[in-house]
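Any read-out appearing in this document is the output of simple, stated calculations on the displayed coordinates, not a laboratory observation. In this text the structure is predicted, and so the values were computed from the model without any measurement. Methodologically, a virtual Cβ is constructed for each residue, glycine included, from the backbone with ideal geometry; neighbour enumeration extends over all protein chains shown.
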Amino acid sequence: MPTTTTQSDPHAGHDMSTMEVPAPPKAPPSAAAMSGPAHAADLVFGSDAMEQARAGLAEEHGSIETFKFLLDRGEVKIRNGSEGYLWDAQAWYGGDIDKLWVKSEGEGSFGGDFEEAEVQALWSRAIDPWFDLQVGVRQDFQSGPDRTHLVLGVQGLAPYWFEVDGAVFVSNKGDVTARLEGEYDLRITQKLILQPRLELELAMQDVPELGIGSGISSGELGARLRYEIVPEFAPYVGVEYERAFGDTARFAADEGEGRDAFSFLVGLRAWF
């Protein structure tokens, strides 16, 4: 019969837990490692030729300018038998770091008075991979006196994929106001998306001629359920609650308006 040979463990009976393993040596890189050129290809093709090649590469692949238009909210608002409309759109043109950014939003009532609208023209610069710093001007068009504002804001993607947009406005009359918007896309299926949204308006002082009170002047809380027929085209339905606070509510009451309202929304989100 063949015999089976069993190999014994050469470390059997040895206690390995008490052995000390020396740490790898710590030392700075040698001087030779820093002595070469910044670009090794310069040694082969020459620095002048490679400088032109690097400039061409940056122009073709590292400095691509693109454009996007987004209609974030184009909707009909139905509340208490009164229908209104609202748009909220933005467009930008530029590269990875610097962009020209244009925003516009406004609302009104069907068969009634035009309420308000605004246009912002902003220079936008990336301050990290997630946020842009935005500086520019805003022009208001409304039933009351118009205003021109300086704008300083940030826009981007916060942790946990919250889209945020905040800005401070200083008008040509010295009024200081601010706006904070946040929204989140909750994907139910590949095409069905629920988007909660919150917007707050704040003011440093009362502006009676515009119906704005100091502090938190107004807020909107809503949810929109959209269906992406294609990513660029998504109709939606939703609900929204709006409320005025403090002196803003008092100014609204003086004009015969309520301080809060619920709305049913039907709209479209589109981009290209």
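Here are some notes:
- The Rg/Rh ratio of the chain, with both radii computed over alpha carbons and Rh defined as the Kirkwood radius, is 1.26.
- Cleavage-rule hits, GluC sites (Glu not before Pro), the range 151-256, DSSP coil, Cβ neighbours within 10 Å at most 12: E232, E255
- Percent RCO, i.e. relative contact order, over the chain, from Cα pairs under 8 Å lying at least 6 residues apart: 12 percent
- Contour minus Cα-Cα distance for A261 and E65 (0.36 nm per residue): 66.3 nm
- Low-density loop positions, trypsin sites (Lys or Arg not before Pro), the range 186-219 - DSSP coil, at most 14 other Cβ in 10 Å: K191
- Three principal axis lengths of the range 175-261 [C-alpha, angstrom, descending]: 47, 26, 17
- Less than 5 angstrom separates the built amide H of Q205 from those of V176, G215, all sequence-distant by 5 or more or on a different chain.
- Filtered GluC sites (Glu not before Pro), the range 45-105: DSSP coil and at most 15 other beta carbons within 10 Å: E65
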